[in-house]
Amino acid sequence: MSPHVVLLGDSIFDNAAYTVGGPDVVRQLRQMLAEGSVASLLAVDGHRTDDVSHQVTELPADATHLILSVGGNDALGHIDILERPAASSAQVLGLLAQVAGDFEDRYRRLVTNLMGRRLPLVLCTIYNGNFPEASYQRLASTALCVFNDAILRVAFERRLGVIDLRLVCSEAADYANSIEPSVAGGSKIARAVVTAVEAMHAPPQGVSYVVAR
């Protein structure tokens, strides 16, 4: 049976609003997949982890592969931590630990729900973005590590494949703005999804780290 790849999550996949008329991720994915394959977009720009459960209710009956990219908007909801006054580094780390723990709980429940569909599932990390100020970029990338650590921990525990978007979208041209993928970035993401789907048919070797080729 030909693959039917379903994209779940947020604007990492649902990026048509940022491509200035160019092809979005799902259009590029359809062009890259083998003939006869299908790709469906259920991801919604702006959605957070808890919103994906609503996307899953529209899962096509013939879906064969699930690709999940979510968490960036959860992180953005706590962006004020980077600028909030703090009495000590311990206070900042404590805030990050609390936020990360809450995110991991919700992300873990989502992955458990998706695995209940008994379909091959690949998780994506949150990329670092392309913020104009170098100092803010360093802070954002560091803060995102606690979210990505949660994603990777769940992937290791469940022996799921991973697309590390920090490696896929590593150049300024990959971004349409500070946080959304451009046509170029979307092409890399689509290629990584194709590679991940192909890797699922190889002998299992634990977690797969997939980057653009």
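Values for this structure:
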item	result
Every residue from the stretch 168-178 that is surrounded by 21 or more Cβ atoms within 10 Å (Cβ to Cβ), under 16 Å from the mean Cα position of the chain (by Cα) and not charged (D, E, K, R)	Val168, Cys169
Residue ID - nearest to Cys124 (Cα to Cα), chosen from residues in the stretch 55-78 that are open to solvent by 60 Å² or more (accessible area, probe 1.4 Å) and of a type outside the set (Gly, Ala, Ser)	Leu76
Count - residues of the stretch 157-180 that are assigned to a loop (DSSP other than H, G, I, E, B) and either among the hydroxyl-bearing types (Ser, Thr, Tyr) or within 12 Å of Ser11 (Cβ to Cβ) (or both)	6
Residue tally, condition basic (Lys, Arg) and more than 15 Å from Asp74 (Cβ to Cβ), over the stretch 109-137	2
Hits in the stretch 101-146 (condition: among the aliphatic types (A, V, I, L, M) and either part of a loop (DSSP other than H, G, I, E, B) or at positive phi (or both))	Leu119, Ile126
Members of the stretch 7-43 found to be of a type in the set (D, E, K, R), more than 13 Å from Gly186 (Cβ to Cβ) and open to solvent by 60 Å² or more (accessible area, probe 1.4 Å), listed by number	Glu35
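The values are calculated or read from the model by the stated rules, or taken from the named source; none is laboratory data. Model, not experiment: these values are computed from the prediction. Here Cβ is always computed from backbone atoms with ideal geometry, including for glycine, and neighbour counts include all displayed protein chains. With ligands, DNA and RNA removed, areas are computed over all heavy atoms of the protein, side chains included. Shrake-Rupley method; radii C 1.70, N 1.55, O 1.52, S 1.80 Å.
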